[in-house]
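A.B. asks: Once you've had a glance at the structure underneath, I'll fire off some questions.
The values are calculated or read from the model by the stated rules, or taken from the named source; none is laboratory data. Everything numeric here is computed off the predicted structure, so don't read it as measured data. Cβ sites come from the backbone with ideal geometry, for glycine too, and all protein chains shown count toward neighbours. SASA here: full protein model, heavy atoms, side chains in, ligands and nucleic acids out. Shrake-Rupley method; radii C 1.70, N 1.55, O 1.52, S 1.80 Å.
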Amino acid sequence: MPDAMAGAVNATAHERAVAFDCQGERLYGVISLPPNTAGKASTRGVLIVVGGPQYRAGSHRQFTLLARSLAARGIAAMRFDYRGMGDSEGELRDFETVQDDLRAALDCFYAQVPTLDAVALWGLCDGASAISFYAAGDARVRGVALLNPWVRTEGGAAKATIKHYYRARLFEREFWLKILRGRFNYGAALASALKLVRSALRRPQAGGNAAAVADSGPLPTRMREGLARFDGRILVMLSGADLTAQEFGDLADGDAAWRRLLDKPGVTRHHLPGADHTCSRRAWHDQVVDWTSDWMRAW
């Protein structure tokens, strides 16, 4: 991220380090507050749920800059380390087992910024997946913002790779130059393609009854069921050059139950052409911040 941008954000954010307990272990985070108020007038807040394995700063300080950018727009933001990550105590855990961490972080956020009356959870990749499991169970959560949600299955990843990666390769100059120069490995390419096709054609396991699905079904199904139980606002943002986002987009467009969910009132979807998984360029970052802050102000 350009230094000029980071400097501009730094100049307009007030930050407070926080520590709080979760199941007897100490967690650490940072709250970014709108300038000149020290949080006293903040009524809207965003709790950033990082994808794993990352800590509260994120790749290329993505979450640090996001929090400061939101604060500069009048929205308090908190980012923190799960147990076992960054500075926080405890054993390392994955996105399926951070529900207690999220609840403890929200307790801290509301205690530190008592003027909050609405909080949204904001997550990238499997942080978005963790949010889909948690949101419906906490009435304090009024919205969820999901950037490139992780719905990874073997078949879904294979289909997305065939559809998006291999199609793009056909239009790459370097691909055809490699063939013309005799440097293309046809055997390895064919073996890889066949493996992907077999994965794409493999039938998913049966989902079983609704209760069983909620506890142990395929990841996309459990995420969909979790979001279906959530009655707040949903913001979905997808990068145009990211296989994780493309896998989610294919699922959302091709599965009737997902289409019904995402077509409901209160769901907003955005597509960011050309952006990578973490929206690493300034223009992409600014667009995500604009979408998030506009969405927060609209409800």
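A.B. asks: Please determine, by comparing only the residues of the stretch 86-120 that are modelled with pLDDT of 95 or more, within 21 Å of Ser132 (Cβ to Cβ) and hydrophobic (A, V, I, L, M, F, W, C), which one is nearest to the chain's Cα centre (by Cα).
C.D. replies: Among those that are modelled with pLDDT of 95 or more, within 21 Å of Ser132 (Cβ to Cβ) and hydrophobic (A, V, I, L, M, F, W, C), it is Ala120.
A.B. asks: I need a count of the residues in the stretch 247-263 that are modelled with pLDDT of 95 or more and open to solvent by 20 Å² or more (accessible area, probe 1.4 Å).
C.D. replies: Matching residues across the stretch 247-263 total 5.
Per-residue answers, yes or no, for (1) under 18 Å from Val98 (Cα atoms); (2) of a type in the set (A, V, I, L, M, F, W, C); (3) part of a loop (DSSP other than H, G, I, E, B); (4) touching a Lys or Arg at 6+ places or on another chain (Cβ under 8 Å):
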residue	(1), (2), (3), (4)
Leu116	no, yes, yes, yes
Leu121	yes, yes, no, no
Ala128	yes, yes, no, no
Phe133	yes, yes, no, yes
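A.B. asks: With respect to Ala158, is the statement that it is over 18 Å from Gly51 (Cα atoms), out of contact with any helix residue (DSSP H, G or I) (no Cβ under 8 Å at 6 or more places or on another chain) and either open to solvent by less than 50 Å² (accessible area, probe 1.4 Å) or modelled with pLDDT of 90 or more (or both) true?
C.D. replies: Here the answer is no, as Ala158 does not meet what is asked.
A.B. asks: Filter the stretch 39-88 down to residues that are surrounded by fewer than 17 Cβ atoms within 10 Å (Cβ to Cβ) and touching a strand residue (DSSP E or B) at 6+ places or on another chain (Cβ under 6 Å), then give me how many there are.
C.D. replies: 1
A.B. asks: Kindly indicate the residue of the stretch 13-53 that is of a type in the set (S, T, N, Q) and in contact with a helix residue (DSSP H, G or I) (Cβ under 8 Å, 6 or more places away or on another chain) and also farthest from Ser132 (Cα to Cα) among those meeting that condition. Explain how you work it out, then say what you get.
C.D. replies: Step one: of the stretch 13-53, the residues of a type in the set (S, T, N, Q) are 23, 32, 36-37, 42-43.
Now restrict to residues that are in contact with a helix residue (DSSP H, G or I) (Cβ under 8 Å, 6 or more places away or on another chain): 23, 32.
Working: Gln23: 22, Ser32: 24 Å.
Top of the filtered list is Ser32.
A.B. asks: Given the conditions (1) in a loop (DSSP other than H, G, I, E, B); (2) under 25 Å from Arg142 (Cβ atoms), report the number of the one that Thr278 does not fulfil.
C.D. replies: (2)
A.B. asks: Is it fair to say Ala67 is outside any loop (DSSP other than H, G, I, E, B) and either closer than 17 Å to Gly29 by Cα or without any contact (Cβ under 8 Å) to a residue 24 or more places away in the chain (or both)?
C.D. replies: Against the criterion (outside any loop (DSSP other than H, G, I, E, B) and either closer than 17 Å to Gly29 by Cα or without any contact (Cβ under 8 Å) to a residue 24 or more places away in the chain (or both)), Ala67 qualifies.
A.B. asks: Any chance you could count how many residues in the stretch 209-235 are in a helix (DSSP H, G or I) and modelled with pLDDT under 90?
C.D. replies: Of the residues in the stretch 209-235, 7 are in a helix (DSSP H, G or I) and modelled with pLDDT under 90.
A.B. asks: What is the one condition in (1) crowded, with 21+ Cβ neighbours inside 10 Å; (2) out of contact with any strand residue (DSSP E or B) (no Cβ under 7 Å at 6 or more places or on another chain); (3) more than 27 Å from Thr153 (Cα to Cα) that Ser132 does not satisfy?
C.D. replies: (3)
A.B. asks: Related question: Here are some residues: Ala17, Ala8. Which one is out of contact with any Asp or Glu (no Cβ under 8 Å at 6 or more places or on another chain), surrounded by fewer than 19 Cβ atoms within 10 Å (Cβ to Cβ) and modelled with pLDDT under 90?
C.D. replies: Ala8
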